[in-house]
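So the structure is just underneath, and the comments pick up after that.
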Amino acid sequence: MILYALRRLVAGLVLAVLVTFITFLLLSTSFESVVRSILGLAATPESIASLTHSLGYDRPVLVQYFEWLGGLFTGDFGTSLFTSQPVAVAVTARLTVTLSLVATALTITVIISVLLGVAAATRGGAIDRISQGISLLGYIVPGLLLAIVLVVVFAVNLRILPATGFVPFAENPAKWAASITIPVIVLVIGGIASMTAQIRGSMIDELRKDYVRTLRTRGIPTNAIVLRHALRNASGPALTVLSLEFISMFGGSLIIENVFALPGFGSYSFNAALQGDIPVIMGITVFSVMLVVTVNLATDIANGWLNPKARMH
Amino acid sequence: MSIEQLVVEPSQVTVAPRRSVFGKLLRDPQAVITMAILFIIVMLGIFTPWLTSIDPNEAQLSAYNAPPGTPGHILGADQSGRDIASRLLHSISTSVIAGLIGASVALVIGTVFGLIGGYFGTKIRAGTEWLFNLIMTFPGLLLLILLMPVTKGDYRATMLIFGVLLSPGIFRIVRNLVVGVKNELFVDAARVSGLSNLRILARHVLFVIRGPIIIATAFMIGSAIGIQSGLAFLGVGSNTVPSFGAMIAEGFGNLYVQPVQFVWPSLMLGLMTASLVLLGNSLRDAFEGVRPKASRATRRPVTVITESAAADDALLVVQDLAIGYPTPSGGVREVVTGVSLRLEAGKTLGLVGESGSGKTQTAFAVLGVLPPDARILRGSITLNGRELLDLPEAKMRQLRGREIAYIPQEPMSNLDPSYTVGAQLVEGIRASSKMTAKDAKARVLELLARVGITDPRRTFDSYPHQISGGMAQRVLIAGAVASRPTLLIADEPTTALDVTVQADILDLLRDLQQEMGMAVLIVTHNFGVVADLCDHIAVMTDGTVVEEGTALDIFRNPQHEYTQMLLGSILEDTVVRTDAPSRPTTEAVS
């Protein structure tokens with residue numbers, strides 16, 4: 001099990017190096033325009049050349065990349081070209097906002113999807129149609145539209161919830177909850193669409209399997225068969241969807257944050273990219289990849305724990 | 001060749017006439033409506049230059065926030081005085097182009113690599129798979145934002161990259177289908193007949209994968225349009241390119257002044273993406289048939305009991321049992337059409353017939369574990385004079401595992417892969433008796449030793465994938481006899497096993513039967529098994545018992561021509577297999 005986790009960890013690190021390298025490679029094509037935008041209208045060929053040199057952008061891309069990578073090991077994520085703020089500090093501050101949103105939404109998504117998916121698969125009928133209806137809704141309505149409609153209804157017309165703004169959890173938990181309620185609802189509706197469908201589908205498949213019948217012939221109660229056996233075996237594919245769900249919620253939250261003016265990753269990334277703040281962009285990339293790697297590792301370990309066969313490869 | 005492959009089940013021969021995919025689509029209102037909506041929207045996009053003469057970026061200060069219905073501005077103008085109707089029409093092309101770029105890039109990359117990854121050897125397959133997993137593990141939207149310095153925010157360049165991010169979906173579809181098709185006989189046949197690899201791919205594979213690809217394309221266009229709008233909403237891209245996302249952002253910012261402004265682009269965007277997703281669903285139904293419906297796992301079949309044979313003193317009495325399944329056309333197809341069986345305590349009855357004859361369905365009916373959509377149409381099943389068909393599920397559950405037990409055909413698929421062998425057996429024992437966990441474990445170890453497992457402790461702690469098929473069957477036998485049932489139902493208990501193991505398992509069953517005094521109902525197509533174990537035989541075909549009697553009588557003097565045919569083919573089978581290492585059971589017959 002430990003070996004299995006270690007293998008997944010190494011694979012994750014390789015992934016992180018590759019993604020950051022590709023990003024850096026792509027960004028290296030825009031170094032000149034970045035320098036130009038820092039200098040603004042006063043740019044002369046000489047000043048461009050000298051700033052390019054002092055930023056080190058005139059050296060081979062590989063050298064620059066490995067220097068950046070080496071910095072990571074000493075905890076140096078670089079500083080912003082525009083604000084001179086250390087990247088690590090700024091990124092973590094923004095990440096907390098986004099993560100509190102995504103983690104809350106993901107937890108609620110899992111709870112609802114498991115309940116709904118299992119109920120739909122075992123009971124059929126009305127609850128199955130309801131679950132399929134919700135799935136369809138999540139698929140056909142873009143999150144952006146859902147967010148705007150909910151803001152218009154709950155914040156502008158009914159004035160139940162704040163339309164914009166963010167209150168940190170530590171400051172006032174109640175206000176924090178109110179400030180992320182609509183964003184979380186939007187993410188959850190998008191999330192349960194695929195998650196419920198997945199759990200429903202794999203539960204239906206599991207319940208048709210031979211071992212379920214054999215367990216029944218031994219007099220084991222239906223609830224135990226559904227929850228201990230079928231759900232556990234259905235959880236493998238669901239965990240894969242869960243890690244993909246995290247990635248897509250993380251991406252989706254960038255837009256949602258913008259609708260609700262939450263000071264999260266979205267606006268920060270957008271501004272950094274707009275300005276061409278290379279160190280910040282790289283910092284955001286590496287933090288996101290590490291986040292994805294961590295979540296994938298967690299789901300892999302959970303899968304290995306639930307499904308003994310998965311530990312083998 | 002076994003009997004199963006020779007005999008075609010008559011009820012399966014009638015196949016509904018196949019309709020073309022397009023014909024199916026035209027009969028599906030959802031498909032027709034969404035295709036019509038998309039057609040109209042695309043037409044509006046194509047004919048935009050003729051529909052409006054107003055430049056979408058032309059700011060008329062006089063028209064600032066003009067309400068809908070203003071002369072010259074049907075839908076009004078935005079806060080810069082730009083005509084909303086014109087911007088809306090021009091946004092259609094932006095969306096459509098974005099969707100087409102995203103989907104085409106994904107299609108080309110996904111298909112090419114999918115064909116390569118699926119067709120060639122394992123190394124290339126693993127390599128491409130790894131590459132596409134890598135693409136999937138990064139939040140696409142974030143990457144598109146971060147790469148703004150590279151794309152300069154141009155939506156077409158952005159969609160090129162997004163196409164790459166979408167490609168893993170197509171890659172997987174194509175690769176899986178290619179692997180499937182490759183393993184099918186016709187590609188082998190094509191290869192034998194001398195076609196080159198490339199032509200095989202072109203001819204067969206591309207034909208098979210077209211359906212799933214068309215479905216995925218509908219979803220991908222929708223998703224590309226959604227992402228493009230999201231990015232435009234955030235402000236990625238030039239503000240001279242009209243798009244729904246940018247219009248929604250402007251309208252949303254203007255919410256308190258002109259609340260209706262964000263409605264138009266939202267409506268258009270919603271209509272397009274919803275139509276694409278719903279069309280994708282319709283396409284899936286048309287290509288792949290309707291998806292599986294959920295059915296209650298616990299539901300008991302609908303039952304009509306004719307009359308209980310309470311007077312009979314046999315252990316198990318089945319009378320005129322009929323089982324049916326609902327057909328798509330609304331009728332009921334009877335798979336068991338009136339079976340009567342009688343089994344006395346401690347005796348063995350062989351229920352013989354080829355697959356599809358209804359013998360397994362009959363066995364499941366006795367156990368009360370028929371699939372949820374099965375219906376018992378009539379008949380009666382009594383155990384010790386007690387009618388089983390009208391017992392509530394809770395009562396029936398108490399009987400299962402205590403009085404009636406079951407040994408399945410395929411040992412591996414009948415063990416839960418996630419629990420150790422021991423845990424599953426302990427759970428079964430504790431469900432049917434009030435044993436402590438410790439006692440149950442001791443009992444399981446004892447049982448495992450009894451069924452001939454040499455290292456019970458090790459097997460107890462093994463997962464099903466760690467033991468062999470023969471061992472798994474012994475484990476299942478241990479699970480079945482754990483509570484000393486009075487009736488054991490064994491469904492083809494040796495069919496899935498190696499010939500060398502078959503005889504051992506049959507010996508074990510016979511020993512256990514004598515030791516515990518169980519009655520055994522053995523379901524099989526193998527007369528060798530029957531000859532080895534059974535006192536009585538019932539021969540089934542087409543859902544009904546055509547002949548029954550003592551084993552000796554039927555072997556010596558088969559009356560029904562079907563029994564004669566079955567016996568004949570089994571004997572030929574034996575001749576062919578005389579070189580097999582151990583086949584004492586069939587030798588006993590001849």
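The values are calculated or read from the model by the stated rules, or taken from the named source; none is laboratory data. Note that the coordinates shown come from a computational prediction; the quantities given were computed from them, not determined experimentally. Glycine also receives a Cβ, built like all others from the backbone with ideal geometry; neighbour counts cover every protein chain displayed.
With the requirement that a residue be more than 13 Å from B:Leu343 (Cβ to Cβ) and either touching a residue at least 24 places away in the same chain (Cβ under 8 Å) or not in a loop (DSSP other than H, G, I, E, B) (or both), what does segment B:382-391 give you?
Answer for segment B:382-391, where residues must be more than 13 Å from B:Leu343 (Cβ to Cβ) and either touching a residue at least 24 places away in the same chain (Cβ under 8 Å) or not in a loop (DSSP other than H, G, I, E, B) (or both): B:Gly385, B:Arg386, B:Glu387, B:Leu389, B:Asp390.
Restricting the search to segment B:320-340, which residues are crowded, with 22+ Cβ neighbours inside 10 Å and within 18 Å of B:Asn384 (Cα to Cα)?
B:Leu321
Among the residues of segment A:30-54, count how many are of a type outside the set (Lys, Arg) and within 14 Å of chain B (Cβ to nearest Cβ).
The qualifying residues number 8.
Can you name every residue in segment B:364-396 that is facing chain A (nearest Cβ under 9 Å) and modelled with pLDDT of 90 or more?
Across segment B:364-396, the qualifying residues are B:Phe364, B:Leu367.
Does segment A:199-233 hold any residues that are touching a residue at least 60 places away in the same chain (Cβ under 8 Å) and in contact with a Pro (Cβ under 6 Å, 6 or more places away or on another chain), and which are they?
Correct list: A:Ile204 only.
Being within 19 Å of A:Arg228 (Cα to Cα) and of a type in the set (D, E, K, R): is that true of B:Arg450 here?
no
Return the residues of segment B:351-381 that are of a type outside the set (S, T, N, Q) and part of a loop (DSSP other than H, G, I, E, B); say none if nothing qualifies.
Matches in segment B:351-381: B:Gly353, B:Glu354, B:Gly356, B:Gly358, B:Gly368, B:Val369, B:Leu370, B:Pro371, B:Pro372, B:Asp373, B:Ala374.
Could you check B:Glu427 against (1) acidic (Asp, Glu); (2) over 23 Å from B:Leu506 (Cβ atoms); (3) more than 7 Å from chain A (Cβ to nearest Cβ) and say which number it fails?
It is condition (3) that B:Glu427 fails.
If you check A:Leu262, A:Leu187, A:Leu239, which single one turns out to be within 30 Å of B:Pro149 (Cβ to Cβ) and modelled with pLDDT under 90?
Testing whether each residue is within 30 Å of B:Pro149 (Cβ to Cβ) and modelled with pLDDT under 90 leaves just A:Leu262.
For segment A:113-156, which residues satisfy the criterion of being among the β-branched types (Val, Ile, Thr) and within 21 Å of A:Val212 (Cβ to Cβ)?
A:Val114, A:Val118, A:Thr122, A:Ile127
Any idea which of B:Ser91, B:Ser80, B:Ser86 is surrounded by 21 or more Cβ atoms within 10 Å (Cβ to Cβ) and over 30 Å from B:Pro168 (Cβ atoms)?
Just one listed residue meets the conditions, B:Ser86.
Looking at B:Gly358, B:Gly385, B:Gly346, which is the one that is of a type in the set (Gly, Ala, Ser), under 32 Å from the mean Cα position of the chain (by Cα) and in the same structural domain as B:Pro493 (by TED's automatic domain parsing)?
Going through B:Gly358, B:Gly385, B:Gly346 in turn, just one is of a type in the set (Gly, Ala, Ser), under 32 Å from the mean Cα position of the chain (by Cα) and in the same structural domain as B:Pro493 (by TED's automatic domain parsing): B:Gly358.
Just to check your reading of the model, which residue among B:Gly76, B:Gly114, B:Gly81, B:Gly23 is among the small types (Gly, Ala, Ser) and in contact with a Gly (Cβ under 8 Å, 6 or more places away or on another chain)?
B:Gly76
Residues to consider are A:Thr109, A:Thr122; find the one that is β-branched (Val, Ile, Thr), away from chain B (no Cβ under 13 Å) and farther than 21 Å from A:Asn258 by Cα.
A:Thr109
Can you find even one residue in segment B:489-499 that is among the aliphatic types (A, V, I, L, M), within 14 Å of another protein chain (Cβ to nearest Cβ) and in a helix (DSSP H, G or I)?
no
When B:Ile135 is evaluated against the numbered criteria (1) within 19 Å of B:Ala216 (Cα to Cα); (2) away from chain A (no Cβ under 11 Å); (3) modelled with pLDDT under 90; (4) surrounded by fewer than 20 Cβ atoms within 10 Å (Cβ to Cβ), which criterion, by number, is the only one it fails?
Of everything listed in (1) within 19 Å of B:Ala216 (Cα to Cα); (2) away from chain A (no Cβ under 11 Å); (3) modelled with pLDDT under 90; (4) surrounded by fewer than 20 Cβ atoms within 10 Å (Cβ to Cβ), B:Ile135 misses just condition (2).
Please specify each residue of segment A:208-217 satisfying the condition of being of a type in the set (Lys, Arg) and facing chain B (nearest Cβ under 7 Å).
Passing the criteria: A:Lys209, A:Arg213, A:Arg216.
Hey, does segment B:119-127 have a residue that's within 14 Å of chain A (Cβ to nearest Cβ) and in contact with a helix residue (DSSP H, G or I) (Cβ under 9 Å, 6 or more places away or on another chain)?
Yes; the residues of segment B:119-127 include at least one that is within 14 Å of chain A (Cβ to nearest Cβ) and in contact with a helix residue (DSSP H, G or I) (Cβ under 9 Å, 6 or more places away or on another chain).
If I filter segment B:137-181 down to residues being under 31 Å from the mean Cα position of the chain (by Cα) and assigned to a loop (DSSP other than H, G, I, E, B), which single residue comes out as farthest from B:Ala232 (Cα to Cα)?
B:Thr137
Looking at A:Ser269, A:Ser253, which one is modelled with pLDDT of 85 or more, surrounded by 22 or more Cβ atoms within 10 Å (Cβ to Cβ) and either more than 8 Å from chain B (Cβ to nearest Cβ) or in contact with a Phe, Trp or Tyr (Cβ under 7 Å, 6 or more places away or on another chain) (or both)?
A:Ser253
If we keep just the residues of segment A:294-304 that are more than 10 Å from chain B (Cβ to nearest Cβ) and not aliphatic (A, V, I, L, M), which is farthest from B:Pro139 (Cα to Cα)?
Among them, the one singled out is A:Gly304.
Which of (1) within 14 Å of chain A (Cβ to nearest Cβ); (2) of a type outside the set (A, V, I, L, M); (3) under 12 Å from B:Val236 (Cα atoms) is the odd one out, the single condition B:Tyr155 does not satisfy?
Tallying (1) within 14 Å of chain A (Cβ to nearest Cβ); (2) of a type outside the set (A, V, I, L, M); (3) under 12 Å from B:Val236 (Cα atoms), B:Tyr155 fails exactly one: (1).
At the interface with another protein chain (Cβ under 7 Å from one of its Cβ atoms) and in contact (Cβ under 8 Å) with a residue 40 or more places away in the chain: which single residue out of A:Gly276, A:Gly264 fits that description?
A:Gly276
Would you say A:Leu3 is within 14 Å of another protein chain (Cβ to nearest Cβ), assigned to a helix (DSSP H, G or I) and not polar (S, T, N, Q)?
no
Could you say which residue among A:Ile199, A:Ile185, A:Ile204, A:Ile220 is aliphatic (A, V, I, L, M), part of a helix (DSSP H, G or I) and within 11 Å of another protein chain (Cβ to nearest Cβ)?
That would be A:Ile204, the only listed residue that is aliphatic (A, V, I, L, M), part of a helix (DSSP H, G or I) and within 11 Å of another protein chain (Cβ to nearest Cβ).
Return the pair list, or none, for Cβ contacts closer than 7 Å from residues in segment B:487-501 that are farther than 15 Å from B:Thr348 by Cβ to residues that are acidic (Asp, Glu), at least 6 apart or on different chains.
Filtered contacts from segment B:487-501: B:Ala496/B:Glu410.
Is one or more of the residues making up segment B:421-442 in contact with a helix residue (DSSP H, G or I) (Cβ under 8 Å, 6 or more places away or on another chain), small (Gly, Ala, Ser), part of a helix (DSSP H, G or I) and within 23 Å of B:Ala503 (Cα to Cα)?
No, the conditions are met nowhere in segment B:421-442.
Within the set of pairs 6+ apart or on separate chains, which have a first residue in segment B:397-408 that is at the interface with another protein chain (Cβ under 7 Å from one of its Cβ atoms), a second that is in a strand (DSSP E or B) and of a type in the set (Asp, Glu), and C-beta atoms under 7 Å apart?
Close Cβ pairs (under 7 Å, with a partner that is in a strand (DSSP E or B) and of a type in the set (Asp, Glu)) amount to B:Pro408/B:Asp491.
One line per residue, one yes/no per condition, for (1) without any contact (Cβ under 8 Å) to a residue 12 or more places away in the chain; (2) under 25 Å from the mean Cα position of the chain (by Cα):
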position	(1), (2)
A:Tyr4	no, yes
A:Leu13	no, yes
A:Val35	no, no
A:Gly40	yes, no
A:Ala43	yes, no
A:Arg59	yes, no
A:Leu95	no, yes
